[in-house]
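Trainee: Have a look at the structure that comes next, please.
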Amino acid sequence: TVIQNGEETFKIVGYGSVSSYNSVDISCEVQGKLSQGKHHLKPGVNFRKGDVLFSVRDTEARYNLRAKKSGFINIIANLLPDLKTDFPTEFDKWNNYINSIRLNERLPQLPTWSTSKEKIFLSTRNVLTEYFSIKSLEEQLNKYTVTAPFSGVITDVYTTNFSVVSPGTKVMRVVETDNFEIPVSIPTSEVELVKLGTEVSVFNTNGQLKGSGVVIRVSEVINKNTQSVDVFIRPKAIEGESFTEGEYVEVEIN
């Protein structure tokens, strides 16, 4: 009898549901009346990365910011006579700065002080405090418009258009639709055969091939009830096929 040595490929078969790699609850960070963005606030609506999901009326916040800028201009204007007397070489710098401030534009960066004496002078006149207070309001103003962090679909909506929202109010839940993973439970006796990067094949419930994939994570926690370990697959659909959130699939791990 002639014995021939060779390689044998073993396949570990598991089952799991397709889930989005990114699934996010989006909440408001400011207060005001909510308005839908480019798309309706309804479950099942698709969006692209960068689309405006919703906005909050910011009229009051903009007026408040302009009032703060006006006060800031007034503070520096009152300092100019003292600057001309005590810091004559720095007068033009601050005079040009005050003329560069526009109420409808972002506050320009403060000029750099030449001496510690000038810095102390500005600090005691609340120039630095008011400057950073305005910069904080400018950053907060950006939060009145919320854009999509990725391309995906709205799965849940917790509030409606024209509702009055406050910081912390959940508005919607979104999932990424072009980036999925599949958690699959395999017996602990076979987990040592599975490594990061191990190739897999993904089939639908009818046994038809939907795509391929690789192992991206292997859990180090064992399920006490089933004595299994979760392995996470990053799938890639073949031409003409696609994956859907919540879809049940069969996975063959080589």
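Trainee: As an exercise, identify the trypsin sites (Lys or Arg not before Pro) in region 178-221 lying in DSSP coil whose Cβ has no more than 13 other Cβ atoms within 10 Å.
Mentor: 195
Trainee: Separate question: For region 168-253, with all protein chains present and a 1.4 Å probe, just round the carbon and sulfur fraction of the accessible area to a whole percent.
Mentor: 46 percent
Trainee: Output the 0 to 90 degree angle, nearest 10, between the alpha-carbon long axis of helix 59-86 and the longest principal axis computed from the alpha carbons of the chain.
Mentor: Compared with the principal axis, the helix lies near 50 degrees.
Trainee: As an exercise, use a Förster radius of 41 Å and the Cβ-Cβ distance of residue 116 and residue 62 to find the FRET efficiency, rounded to the nearest 0.05.
Mentor: 0.65
Trainee: Would you mind working out the magnitude of the charge dipole of region 36-163 relative to its Cα centre, with +1 at each Lys and Arg C-beta and -1 at each Asp and Glu C-beta, to the nearest 20 Debye?
Mentor: With only Lys, Arg, Asp and Glu charged at Cβ, the dipole is about 320 debye.
Trainee: A further question follows. Using a cut-off of under 14 Å, list every residue of region 145-164 whose amide N is near the label point 7 Å from the Cα of residue 38 along the Cα-to-beta-carbon line.
Mentor: 146-154
Trainee: Also: Which of the aspartates and glutamates could a cross-linker bridge to residue 11, judged by Cα under 20 Å and excluding same-chain residues fewer than eight apart?
Mentor: Partners found: 181, 190, 192, 199, 230, 250, 252.
Trainee: Tabulate in residue order the Karplus-calculated ³J(HN,Hα) for region 89-98, using 6.51 cos²θ - 1.76 cosθ + 1.60 with θ = phi - 60°, rounded to whole Hz; enter x for Gly and Pro.
Mentor: For region 89-98, the Karplus curve yields 6, 9, 4, 4, 4, 7, 5, 5, 5, 5 Hz.
Trainee: Any chance you could give the angle, 0 to 90 degrees and rounded to 10, that helix 127-141 forms with the longest Cα principal axis of the chain?
Mentor: For helix 127-141, the angle is close to 40 degrees.
Trainee: Related question: Enumerate the calculated ³J(HN,Hα) couplings along region 48-54 in order (Karplus 6.51 cos²θ - 1.76 cosθ + 1.60, θ = phi - 60°), each rounded to whole Hz, writing x wherever the residue is Gly or Pro.
Mentor: 10, 4, x, 5, 6, 7, 6
Trainee: A further question on this structure: Rounded to whole Å and sorted largest first, list the principal axis extents of the Cα atoms in region 55-144.
Mentor: The Cα atoms of region 55-144 stretch 47, 21, 16 Å along their principal axes.
Trainee: Let me ask something else. In region 107-254, how does Rg compare with the Kirkwood Rh, expressed as the Rg/Rh ratio over alpha carbon atoms?
Mentor: Result: Rg/Rh = 1.27.
Trainee: Moving to a separate point now. If you keep only loop residues by DSSP, which GluC sites (Glu not before Pro) in region 98-183 have at most 10 other Cβ atoms within 10 Å of their Cβ?
Mentor: 105
Trainee: Further question: With θ set to phi - 60° and the Karplus curve 6.51 cos²θ - 1.76 cosθ + 1.60, what are the ³J(HN,Hα) couplings of region 11-22 in order, to the nearest whole Hz, using x for Gly and Pro?
Mentor: In residue order, the calculated couplings are 10, 9, 9, x, 10, x, 10, 5, 9, 5, 5, 10 Hz.
Trainee: Further question: With the other protein chains left in place, how much accessible area per residue, in square angstrom, belongs to region 34-185 at a 1.4 angstrom probe?
Mentor: Roughly 56 Å² per residue, with all protein chains present.
Trainee: Given 0.36 nm per residue, what is the gain on full extension from residue 106 to residue 185 after removing their alpha carbon distance, in nm?
Mentor: In short, 23.1 nm is gained.
Trainee: Do you know the relative contact order of the chain, to the nearest whole percent, from alpha carbon pairs under 8 angstrom that are 6+ apart?
Mentor: 32 percent
Trainee: Return, ordered by residue number, the residues of region 44-88 whose backbone nitrogen is under 20 Å from a label point located 7 Å along Cα→Cβ of residue 124.
Mentor: Taking a point 7 Å out along Cα→Cβ of residue 124, the residues of region 44-88 whose backbone N falls under 20 Å are 75-88.
The values are calculated or read from the model by the stated rules, or taken from the named source; none is laboratory data. Values in this document were obtained by computation on a predicted structure and should not be read as measured data. As a convention, Cβ positions derive from the backbone with ideal geometry for all residues, glycine included, and neighbour counts pool all protein chains shown. With ligands, DNA and RNA removed, areas are computed over all heavy atoms of the protein, side chains included. Shrake-Rupley method; radii C 1.70, N 1.55, O 1.52, S 1.80 Å.
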